[in-house]
1. Is at least one residue of the stretch 408-418 touching a strand residue (DSSP E or B) at 6+ places or on another chain (Cβ under 9 Å), open to solvent by 20 Å² or more (accessible area, probe 1.4 Å) and either outside the structural domain of residue 230 (by TED's automatic domain parsing) or on the phi > 0 side of the Ramachandran plot (or both)?
2. Does the stretch 306-318 hold any residues that are hydrophobic (A, V, I, L, M, F, W, C) and farther than 18 Å from residue 345 by Cα, and which are they?
3. Would you mention how many residues in the stretch 20-39 are over 23 Å from the mean Cα position of the chain (by Cα) and farther than 21 Å from residue 241 by Cα?
4. Read through the list (1) open to solvent by less than 20 Å² (accessible area, probe 1.4 Å); (2) assigned to a loop (DSSP other than H, G, I, E, B), then give the number of the only condition that residue 391 fails.
5. Tell me, yes or no, whether the stretch 250-260 has at least one residue that is of a type outside the set (Lys, Arg), open to solvent by 10 Å² or more (accessible area, probe 1.4 Å), without any contact (Cβ under 8 Å) to a residue 24 or more places away in the chain and more than 10 Å from the ligand (Cβ to nearest atom).
6. Given the conditions (1) under 30 Å from residue 4 (Cβ atoms); (2) in contact with a strand residue (DSSP E or B) (Cβ under 8 Å, 6 or more places away or on another chain), report the number of the one that residue 396 does not fulfil.
7. Residue by residue through the stretch 180-195, note down the ones that are in contact with a strand residue (DSSP E or B) (Cβ under 9 Å, 6 or more places away or on another chain) and away from the ligand (no atom under 15 Å from the Cβ).
8. Only one of 18, 39, 24 is away from the ligand (no atom under 15 Å from the Cβ) and buried (at least 21 other Cβ atoms within 10 Å of the Cβ). Can you tell me which?
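The values are calculated or read from the model by the stated rules, or taken from the named source; none is laboratory data. Given the structure is predicted, the values throughout are model-derived calculations rather than measurements. Neighbour counts are summed over all protein chains in view; Cβ atoms, including those assigned to glycine, are modelled from backbone coordinates with ideal geometry. For the accessible areas, the whole protein counts, side chains as well, though only heavy atoms, and no ligand, DNA or RNA atoms are used. Shrake-Rupley method; radii C 1.70, N 1.55, O 1.52, S 1.80 Å.
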Amino acid sequence: MKLAVVGAGWAGLAAAVALKAAGATVTVFEAAPLAGGRARRVDDLNMGAIDNGQHLLLGAYTETLALLKQLHPERAVSDLLQKTPLHLESADGTFRLKAANLPSPFHTLWALLTARGLSWHERWLATLMIVSLKQKHWQAPERLSVAQLLEQHHQSAELCRQLWIPLCLASLNTASDQACAQLFLNVLRDSLDAPRAHSDMLIPRVDLTELWPQAAAETVTMRYRHIVRDVCPTPTAVTIDGEAFEGCVLATPPYACARILKPSENSRASETLMAQLEAFEYRAIATLTLQLDAAWHPPHSVLLLDENPSRGHLGQWLFKRPQANDQVTVVVSDAADFLKHDRASFVDKIATQIREQVQRHPNSRGHSQLTMPAVKAHRLIVEKRATFAAVPGLQRPHNQSPWARLSLAGDWTDTGYPAVLEGAVRSGKQAAKTLLEALRGVSA
Ligand SMILES: Cc1cc2nc3c(=O)[nH]c(=O)nc-3n(C[C@H](O)[C@H](O)[C@H](O)COP(=O)(O)OP(=O)(O)OC[C@H]3O[C@@H](n4cnc5c(N)ncnc54)[C@H](O)[C@@H]3O)c2cc1C
């Protein structure tokens, strides 16, 4: 079987690995010079290998973890990912939520009931919400936003500010008043109402291309720097820029699919698909990687930053890079407002934000080494279309396209997740399965 994959992001490569395992000869077309797509390595002159964006994985990413083990049989997962049991803490230490060493779901309930920085009443409200959502099997009305869900469950403004809004932004990259409650609940369900390990926070110890995309790419024929212009599905083949394949997984983002998909004839189903592809809106994420003058160990490897846009304090999360003791990253999700700010003074303002907040952390008192050292170099990467806007009522296409020989993959397909790595991997695997079944059907 001569099959093609267009797009070497996490979805396309997950599909390629599955097609190859089924005995196909697989060619992957990729516009960029390396594998990984929106989760890839960037080579920086001053800092070496960094990433286009800081990524946090969860223990609930079971398919991603399985792929990682499959492609690196000789390496321990702990060499590739740094694992921390669920632990959310503000940079100034006033807020902390830490899972207990108890079986699920008590690890989460304990974390909520003992959260630092919330009143007893707020902790109780948060716990009641989780218990009630579990009783309702994590189901929300179709058009409900996250803000409406939180209001229905009487979550106070402080509880939303400290906990739910940062979690919503981190997982859906969409403001809570616009974000889809059901997608948010799916993430909570799979990380909290699951074995304790599913709520673990996993930070890559190696760059995102090395994590597994590169190893996947080495198992198939890669055509890097090939910007595909035409994907034409017909009843007998799929031609890609004129070259015929028996089948294809199209794994580019929706806007690229809409541009390059050129069916020989249109049907109602193909028109519906095109309309769905055009309907996606996107949200930006900005990632600032800082090279510090000396090693620095913040109070915790992931810290929540308090935003104050009027002072240019736009950072939301601070990560210590496990790869280097003198590098940290700052993440700004749903970064449309960020794009309006003056980039020149951005780094100074973020550095001030970190120093001011970490200085107030209880562990910092009397420990001058907890003050962040001077910034020696930086790299700011703004991915304007980092994720699709996870709004309620979005109609997301299935893996099966209107054409038997073409299946669709990407975090934007109907995975039940927002735009996340695990959604991309699951979509890629499912797209490969769908294509193989459809090809068996046409050849029978
Ligand atoms: C800054 C940032 C931070 C993020 N943080 C997190 C996080 O912490 N946790 C998490 O789970 N997820 C996170 N995500 C989301 C995650 O990165 C995506 O869900 C995932 O990478 C999507 O993979 P994909 O394969 O669906 O799409 P993509 O990665 O977009 O892959 C599509 C590929 O198609 C290629 N392509 C496009 N057009 C063509 C063409 N015409 N010809 C050939 N190739 C083409 C592209 O170059 C790309 O390689 C983040 C994303 C960003 C950008």
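1. no
2. 317, 318, listed by residue number.
3. Residues meeting the conditions: 4.
4. (1)
5. Checked against the condition, which is being of a type outside the set (Lys, Arg), open to solvent by 10 Å² or more (accessible area, probe 1.4 Å), without any contact (Cβ under 8 Å) to a residue 24 or more places away in the chain and more than 10 Å from the ligand (Cβ to nearest atom), the stretch 250-260 yields at least one hit.
6. (2)
7. Residues satisfying the conditions are 180, 181.
8. After ruling out the rest, the residue left standing is 24.
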